[in-house]
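The values are calculated or read from the model by the stated rules, or taken from the named source; none is laboratory data. Predicted model only: the values in this text are computed from it and were never measured. Please note: Cβ atoms are built from the backbone with ideal geometry, for glycine as well, and neighbour counts cover all protein chains shown.
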């Protein structure tokens with residue numbers, strides 16, 4: 001038997017007329033008759049009593065009908081679930097966010113899902129880029145938004161949707177170094193605690209190329225954490241200098257440096273190259289450009 005035959009049976013039982021059931025199912029009457037007869041043959045008994053032009057369910061037909069309804073309803077529910085999954089409306093989405101992206105994107109992502117996709121299960125994991133990449137490779141996460149410069153190239157990784165945001169040394173407006181009204185040398189800056197998340201090798205090369213070996217993050221950074229928001233809060237409440245994304249540090253202002261740092265952070269969406277993407281990931285792909293450009297980001301070709 002087939003689900004199509006069961007559906008034909010349910011519709012015919014509900015309407016009690018081959019004429020009406022054929023019209024509803026967009027079938028000819030002979031085609032509907034053949035479908036019901038084939039079902040009866042397979043089930044081993046008549047489903048309808050035929051008295052002239054009237055039909056009614058046999059006792060056996062009554063027994064079969066309740067089960068047929070459940071099967072047809074379950075099949076329709078499964079169909080709708082499949083459509084919902086592929087549309088990204090239901091199911092789950094597991095996203096890893098490193099420190100900077102986590103500070104900027106966690107709230108917009110959760111808010112968007114709560115408002116527009118309330119049946120979708122969202123899981124956000126925060127952490128170090130290397131740890132998150134391991135989780136992605138183990139397929140515990142569907143995608144990451146991380147510092148693209150920290151992602152070591154690999155044939156199994158695909159990096160897309162890359163954006164750059166302004167970054168630099170940031171301090172509270174009342175910081176003593178700002179009171180001088182002129183750019184600050186690296187030696188003067190290093191007289192104060194420097195806070196940062198773990199930095200990529202590329203950023204380390206930029207810093208040492210601009211300010212010398214004393215700006216190597218291994219030596220320069222005295223307060224290191226994966227939580228950008230905690231570092232920013234420390235800089236708001238003390239004379240610590242935080243090296244981070246401008247947009248992630250409301251209440252802080254750039255510290256003018258000599259020479260200027262003129263640096264950017266680079267975010268990218270990372271997925272497994274050989275794995276079919278979670279259907280709901282399209283939501284993040286659609287919304288990510290809007291969220292990051294709202295922070296002043298520019299797309300990287």
Lone qualifier among 231, 269 - being closer than 20 Å to residue 150 by Cα, in a helix (DSSP H, G or I), within 29 Å of the chain's Cα centre (by Cα) and touching a residue at least 12 places away in the same chain (Cβ under 8 Å) | 231
Enumeration of residues in the range 14-42 that are under 48 Å from the mean Cα position of the chain (by Cα) and buried (at least 16 other Cβ atoms within 10 Å of the Cβ) = 15, 21, 22, 25, 27, 32, 35, 36, 39
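Residue by residue, here is whether (1) over 30 Å from residue 149 (Cβ atoms); (2) modelled with pLDDT of 90 or more; (3) in a helix (DSSP H, G or I) holds:
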{"residue": "60", "(1), (2), (3)": "yes, yes, yes"}
{"residue": "66", "(1), (2), (3)": "yes, no, yes"}
{"residue": "77", "(1), (2), (3)": "yes, no, yes"}
{"residue": "82", "(1), (2), (3)": "yes, no, yes"}
{"residue": "85", "(1), (2), (3)": "yes, no, yes"}
{"residue": "102", "(1), (2), (3)": "no, yes, yes"}
{"residue": "115", "(1), (2), (3)": "yes, yes, yes"}
Evaluation of residue 254 against (1) more than 14 Å from residue 168 (Cα to Cα); (2) surrounded by fewer than 18 Cβ atoms within 10 Å (Cβ to Cβ); (3) in contact (Cβ under 8 Å) with a residue 40 or more places away in the chain (one fails), failing number = (1)
Screening 193, 198 for residues that are at pLDDT 95 or above, more than 21 Å from the chain's Cα centre (by Cα) and surrounded by 13 or more Cβ atoms within 10 Å (Cβ to Cβ) leaves only 193
Tell me, which residue of the range 215-228 that is touching a helix residue (DSSP H, G or I) at 6+ places or on another chain (Cβ under 8 Å) and in a loop (DSSP other than H, G, I, E, B) is farthest from residue 200 (Cα to Cα)?
-> 227
Considering only the range 24-52, state which residues are within 19 Å of residue 72 (Cα to Cα) and free of Cβ contacts under 8 Å to residues at least 12 places away in the same chain.
-> 26, 37, 40
